[in-house]
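Comments concern the structure below.
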Amino acid sequence: MDWTLKEARLGAPKLSGPGKDADPLLVLTETAVERYGLPVALTEEERLAGRIPEGHKVIKQLARAEWKLTKRGFGPWARIYRPATGSERACVQLCIPSWNALDSRHWGEAGHLAPAELARVLGVYASRVMTPRGSTAVTGLELMTALHPPTRASEPDATADGTPSTIPARWARIRWTARRARPPTGTRSWRTCRASTCAVRQRSCSRRRTTGRGR
(Lines give C-alpha, C1' and ligand atoms only; values in the text may rest on other atoms or scores of the structure.)
Protein backbone atom coordinates (compact mmCIF):
# COMPACT_ATOMS: atom_id res chain seq x y z
CA MET A 1 0.00 0.00 0.00
CA ASP A 2 2.73 2.45 0.94
CA TRP A 3 4.63 1.65 -2.26
CA THR A 4 1.51 2.25 -4.36
CA LEU A 5 0.78 5.63 -2.80
CA LYS A 6 4.20 7.06 -1.93
CA GLU A 7 6.68 5.57 -4.38
CA ALA A 8 4.73 4.62 -7.50
CA ARG A 9 2.20 7.44 -6.92
CA LEU A 10 -0.48 5.64 -8.90
CA GLY A 11 -3.89 7.16 -9.43
CA ALA A 12 -5.69 9.54 -11.77
CA PRO A 13 -6.43 13.29 -11.65
CA LYS A 14 -9.87 14.51 -10.59
CA LEU A 15 -12.57 14.94 -13.22
CA SER A 16 -14.04 18.20 -11.93
CA GLY A 17 -12.91 21.26 -9.98
CA PRO A 18 -14.35 20.44 -6.54
CA GLY A 19 -13.75 16.71 -6.97
CA LYS A 20 -10.90 14.52 -5.73
CA ASP A 21 -8.18 12.49 -7.40
CA ALA A 22 -9.08 8.90 -8.26
CA ASP A 23 -7.67 6.23 -5.98
CA PRO A 24 -5.19 3.78 -7.54
CA LEU A 25 -6.36 0.33 -8.58
CA LEU A 26 -4.30 -2.82 -8.01
CA VAL A 27 -5.32 -5.98 -9.88
CA LEU A 28 -4.07 -9.08 -8.05
CA THR A 29 -3.31 -12.11 -10.20
CA GLU A 30 -3.57 -15.62 -8.76
CA THR A 31 0.19 -15.59 -8.12
CA ALA A 32 -0.07 -12.30 -6.21
CA VAL A 33 -3.07 -13.58 -4.24
CA GLU A 34 -1.07 -16.59 -3.07
CA ARG A 35 1.97 -14.43 -2.35
CA TYR A 36 0.00 -12.22 0.06
CA GLY A 37 -1.62 -15.14 1.88
CA LEU A 38 -5.09 -14.82 0.39
CA PRO A 39 -7.18 -17.72 -0.94
CA VAL A 40 -7.02 -18.15 -4.71
CA ALA A 41 -10.79 -18.71 -4.81
CA LEU A 42 -13.60 -17.97 -2.38
CA THR A 43 -15.59 -20.75 -0.77
CA GLU A 44 -19.32 -20.91 -1.45
CA GLU A 45 -20.05 -19.28 1.89
CA GLU A 46 -17.53 -16.50 1.25
CA ARG A 47 -18.86 -15.99 -2.27
CA LEU A 48 -22.40 -15.53 -0.97
CA ALA A 49 -21.16 -13.16 1.75
CA GLY A 50 -19.06 -11.26 -0.79
CA ARG A 51 -16.00 -11.20 1.47
CA ILE A 52 -13.53 -13.26 3.47
CA PRO A 53 -14.10 -13.63 7.24
CA GLU A 54 -13.19 -10.72 9.51
CA GLY A 55 -10.79 -12.97 11.42
CA HIS A 56 -8.61 -13.73 8.39
CA LYS A 57 -4.90 -13.22 9.02
CA VAL A 58 -4.55 -10.69 6.18
CA ILE A 59 -7.25 -8.48 7.67
CA LYS A 60 -5.50 -8.65 11.04
CA GLN A 61 -2.22 -7.62 9.39
CA LEU A 62 -3.92 -4.63 7.80
CA ALA A 63 -5.40 -3.62 11.17
CA ARG A 64 -1.98 -3.79 12.82
CA ALA A 65 -0.61 -1.51 10.09
CA GLU A 66 -3.51 0.92 10.78
CA TRP A 67 -5.28 0.28 7.50
CA LYS A 68 -9.07 0.07 7.41
CA LEU A 69 -11.65 -1.60 5.20
CA THR A 70 -14.96 -0.17 4.07
CA LYS A 71 -18.22 -1.75 5.25
CA ARG A 72 -18.11 -4.13 2.29
CA GLY A 73 -15.12 -5.84 3.89
CA PHE A 74 -12.36 -7.66 2.04
CA GLY A 75 -14.07 -8.87 -1.09
CA PRO A 76 -13.44 -8.98 -4.85
CA TRP A 77 -13.36 -5.15 -4.98
CA ALA A 78 -11.88 -4.35 -1.57
CA ARG A 79 -11.11 -0.73 -0.73
CA ILE A 80 -8.34 -0.23 1.83
CA TYR A 81 -7.73 3.20 3.34
CA ARG A 82 -6.44 5.32 6.17
CA PRO A 83 -8.47 8.29 7.47
CA ALA A 84 -7.65 11.41 5.48
CA THR A 85 -5.35 13.98 7.06
CA GLY A 86 -5.95 17.42 5.60
CA SER A 87 -5.99 17.20 1.81
CA GLU A 88 -4.08 13.90 1.73
CA ARG A 89 -5.96 10.74 0.86
CA ALA A 90 -4.60 7.27 1.45
CA CYS A 91 -6.85 4.77 -0.30
CA VAL A 92 -6.18 1.83 -2.61
CA GLN A 93 -8.76 -0.18 -4.54
CA LEU A 94 -8.12 -3.89 -5.10
CA CYS A 95 -9.51 -6.03 -7.91
CA ILE A 96 -9.20 -9.82 -7.58
CA PRO A 97 -10.28 -11.55 -10.82
CA SER A 98 -10.00 -15.05 -9.34
CA TRP A 99 -12.73 -14.03 -6.86
CA ASN A 100 -15.02 -13.20 -9.81
CA ALA A 101 -14.43 -9.47 -9.54
CA LEU A 102 -14.69 -9.19 -13.33
CA ASP A 103 -18.08 -10.84 -13.64
CA SER A 104 -18.80 -11.85 -17.24
CA ARG A 105 -22.24 -10.17 -17.01
CA HIS A 106 -20.46 -6.81 -16.82
CA TRP A 107 -16.93 -7.32 -18.10
CA GLY A 108 -17.37 -10.02 -20.73
CA GLU A 109 -14.25 -12.20 -21.07
CA ALA A 110 -11.95 -9.78 -19.25
CA GLY A 111 -11.65 -12.06 -16.23
CA HIS A 112 -10.03 -14.77 -18.38
CA LEU A 113 -7.44 -12.58 -20.10
CA ALA A 114 -3.70 -12.86 -19.55
CA PRO A 115 -2.31 -10.25 -17.10
CA ALA A 116 -0.76 -8.07 -19.82
CA GLU A 117 -3.92 -8.04 -21.94
CA LEU A 118 -6.11 -7.42 -18.89
CA ALA A 119 -3.93 -4.46 -17.92
CA ARG A 120 -4.38 -3.05 -21.43
CA VAL A 121 -8.18 -3.49 -21.35
CA LEU A 122 -8.61 -1.89 -17.92
CA GLY A 123 -6.19 0.87 -18.88
CA VAL A 124 -8.26 1.74 -21.95
CA TYR A 125 -11.44 1.67 -19.83
CA ALA A 126 -9.84 3.97 -17.25
CA SER A 127 -8.73 6.46 -19.91
CA ARG A 128 -12.11 6.55 -21.64
CA VAL A 129 -14.42 6.29 -18.62
CA MET A 130 -12.69 6.22 -15.23
CA THR A 131 -10.72 3.84 -13.01
CA PRO A 132 -12.98 0.79 -12.45
CA ARG A 133 -14.65 0.63 -9.03
CA GLY A 134 -16.61 -2.60 -9.36
CA SER A 135 -19.19 -3.60 -11.92
CA THR A 136 -19.80 -1.29 -14.86
CA ALA A 137 -22.99 -0.10 -13.10
CA VAL A 138 -21.11 0.78 -9.91
CA THR A 139 -18.40 2.52 -11.94
CA GLY A 140 -21.08 4.53 -13.73
CA LEU A 141 -22.46 5.80 -10.42
CA GLU A 142 -18.93 6.64 -9.26
CA LEU A 143 -18.42 8.55 -12.51
CA MET A 144 -21.51 10.68 -11.88
CA THR A 145 -20.29 11.42 -8.35
CA ALA A 146 -16.84 12.34 -9.67
CA LEU A 147 -18.34 14.71 -12.24
CA HIS A 148 -20.82 16.23 -9.77
CA PRO A 149 -19.30 15.93 -6.26
CA PRO A 150 -21.78 16.25 -3.37
CA THR A 151 -19.60 18.84 -1.59
CA ARG A 152 -17.05 21.53 -2.41
CA ALA A 153 -14.80 23.83 -0.43
CA SER A 154 -16.43 27.09 0.61
CA GLU A 155 -14.77 30.42 1.27
CA PRO A 156 -11.97 30.31 3.90
CA ASP A 157 -13.15 31.07 7.42
CA ALA A 158 -11.33 32.85 10.25
CA THR A 159 -8.81 30.01 10.51
CA ALA A 160 -8.11 30.20 6.76
CA ASP A 161 -9.62 26.74 6.30
CA GLY A 162 -12.42 26.14 3.85
CA THR A 163 -15.37 24.12 5.06
CA PRO A 164 -17.31 21.78 2.77
CA SER A 165 -20.62 23.01 1.43
CA THR A 166 -23.29 20.91 -0.23
CA ILE A 167 -23.76 20.93 -3.99
CA PRO A 168 -27.25 20.00 -5.26
CA ALA A 169 -27.01 16.61 -6.95
CA ARG A 170 -29.25 17.48 -9.89
CA TRP A 171 -28.49 14.25 -11.74
CA ALA A 172 -29.88 12.30 -8.80
CA ARG A 173 -33.11 14.31 -8.58
CA ILE A 174 -34.66 13.43 -11.88
CA ARG A 175 -38.31 12.71 -11.34
CA TRP A 176 -40.66 11.17 -13.80
CA THR A 177 -44.20 12.50 -13.75
CA ALA A 178 -46.81 9.92 -14.69
CA ARG A 179 -49.59 11.27 -16.83
CA ARG A 180 -52.98 9.71 -17.18
CA ALA A 181 -53.44 8.34 -20.69
CA ARG A 182 -56.45 9.88 -22.35
CA PRO A 183 -57.34 10.94 -25.88
CA PRO A 184 -56.59 14.56 -26.75
CA THR A 185 -59.59 16.83 -26.26
CA GLY A 186 -61.49 17.53 -29.46
CA THR A 187 -59.58 15.03 -31.60
CA ARG A 188 -61.35 11.75 -30.86
CA SER A 189 -64.92 10.81 -30.05
CA TRP A 190 -65.82 8.33 -27.35
CA ARG A 191 -66.75 5.77 -30.04
CA THR A 192 -63.22 5.94 -31.51
CA CYS A 193 -61.55 5.62 -28.11
CA ARG A 194 -63.79 2.78 -27.07
CA ALA A 195 -62.06 0.55 -29.59
CA SER A 196 -58.68 1.26 -28.03
CA THR A 197 -56.87 -1.50 -26.11
CA CYS A 198 -55.83 0.95 -23.38
CA ALA A 199 -57.91 0.31 -20.25
CA VAL A 200 -57.35 3.84 -19.01
CA ARG A 201 -58.67 5.29 -22.23
CA GLN A 202 -61.71 3.04 -22.13
CA ARG A 203 -62.59 4.32 -18.64
CA SER A 204 -62.05 7.88 -19.81
CA CYS A 205 -64.25 7.37 -22.84
CA SER A 206 -66.99 5.72 -20.78
CA ARG A 207 -67.02 8.74 -18.47
CA ARG A 208 -67.24 11.05 -21.45
CA ARG A 209 -70.19 9.08 -22.86
CA THR A 210 -72.01 9.24 -19.52
CA THR A 211 -71.46 12.95 -19.01
CA GLY A 212 -72.06 13.82 -22.61
CA ARG A 213 -68.58 15.25 -23.13
CA GLY A 214 -66.35 14.38 -26.03
CA ARG A 215 -69.20 13.70 -28.50
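Taking each residue of the stretch 116-141 that is aromatic (Phe, Trp, Tyr) and looking for partners that are surrounded by 13 or more Cβ atoms within 10 Å (Cβ to Cβ) and outside any helix (DSSP H, G or I) with beta-carbon atoms closer than 7 Å, six or more apart or interchain, yields 125/132. Just the residues that are surrounded by 13 or more Cβ atoms within 10 Å (Cβ to Cβ) and either hydrophobic (A, V, I, L, M, F, W, C) or under 15 Å from residue 26 (Cα atoms) (or both), please, taken from the stretch 120-142. Passing the criteria: 121, 122, 125, 126, 129, 130, 131, 132, 133, 134, 138, 141. For the condition assigned by TED's automatic domain parsing to the domain that holds residue 9, within 22 Å of residue 9 (Cβ to Cβ), at pLDDT below 95 and of a type outside the set (Gly, Ala, Ser), residue 129 qualifies. If you check 142, 117 for being out of contact with any helix residue (DSSP H, G or I) (no Cβ under 8 Å at 6 or more places or on another chain) and farther than 22 Å from residue 21 by Cβ, only one passes: 117. Considered as a group, the residues in the stretch 54-90 that are surrounded by 11 or more Cβ atoms within 10 Å (Cβ to Cβ) and of a type in the set (S, T, N, Q) include one that is modelled with the highest pLDDT, and that residue is 61. Candidates 89, 64: the one that is in contact (Cβ under 8 Å) with a residue 40 or more places away in the chain, assigned by TED's automatic domain parsing to the domain that holds residue 24 and among the basic types (Lys, Arg) is 89.
The number of residues in the stretch 92-115 being touching a residue at least 40 places away in the same chain (Cβ under 8 Å) and under 16 Å from the mean Cα position of the chain (by Cα) comes to 4.
The values are calculated or read from the model by the stated rules, or taken from the named source; none is laboratory data. Here the structure is a predicted model, which is why all the values come from computation and not from measurement. Note that we place each Cβ from the backbone using ideal geometry, even for glycine, and neighbour counts take in every protein chain shown.
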